[in-house]
Amino acid sequence: MATRTADTTRTDDERAPEEPTQTAEATKTEAVEAEAAEQTEAAEQTEAAEQAEATEPAGATEAAGGGRPSGAGQGAGAVVSAALGLVSLSGGWIGTVAGAHQQLVGQLRTSSSAGVAQQIKAVYGDAWHATALWAGLFALAALVTGVAVLARPAFGAPGRPQAPWIRSVAWAGVALGVLGLLLAVLKYTDALLALPSTS
């Protein structure tokens, strides 16, 4: 019996130094597994970033880098077209000044002995025509600008549609330009609001 107790005791004593060795090995194994997991996670993040760059739209990348216009120029052109169309309908400040200038010129060049019809034409008719001429120029500018904005995508990058609001504003500018041009022609030819007859 004594021999078995001694063997058991010796076996326990021999096992005692082995337990720290097993613990150290387990710690090393866990460290290796943690390092492998970190490497795997870093590789996955790198792969995900590469896939995101590959699937990112080309337009967004070029727009961010300044390679492709963002459409701000077309939007500005559409707004300018609509504004010029409105000015052509109202006459604008330049048309008013041109009309007043022509009226003053007519008064200076018309003698007091001239007939009534000649005075009306020189003082009021030419001023009315000058206002109509400037309104027509504004209308023509609105029409050309609007058409240029609408036609721009045909000469730009394929597959890049124009924003709906740009098309809407540009069509409004074209419509106002056509209407203003028509009214200017009617006023200049005395088909609309002609001078009164003196007979």
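Quick note: the coordinates plus some simple rules give every number you see, no bench work behind them. Just so it is clear, the structure is predicted and the values come from calculations on it, not from any experiment. Because the Cβ atoms are built from the backbone with ideal geometry, glycine has one as well, and the counts that use them run over all protein chains shown.
Net length available on complete extension from Arg167 to Val185 is 3.8 nm, with 0.36 nm assigned per residue and the Cα-Cα distance removed.
Taking 0.36 nm per residue of separation and subtracting the current Cα-Cα distance, fully stretching the chain between Ala194 and Glu33 would add 48.4 nm.
Taking 25 Å as R0, compute the FRET efficiency from the Cβ-Cβ separation of Arg160 and Leu86 and round it to 0.05. After rounding, the FRET efficiency stands at 0.30.
For Val97 and Ala117, FRET efficiency with R0 = 25 Å and r from the beta-carbon atoms, rounded to 0.05? All intermediate terms of the calculation are to be shown ahead of the outcome.
Working: r = 26 Å, r/R0 = 1.05.
For Ala117 and Val97, the calculated efficiency is 0.45.
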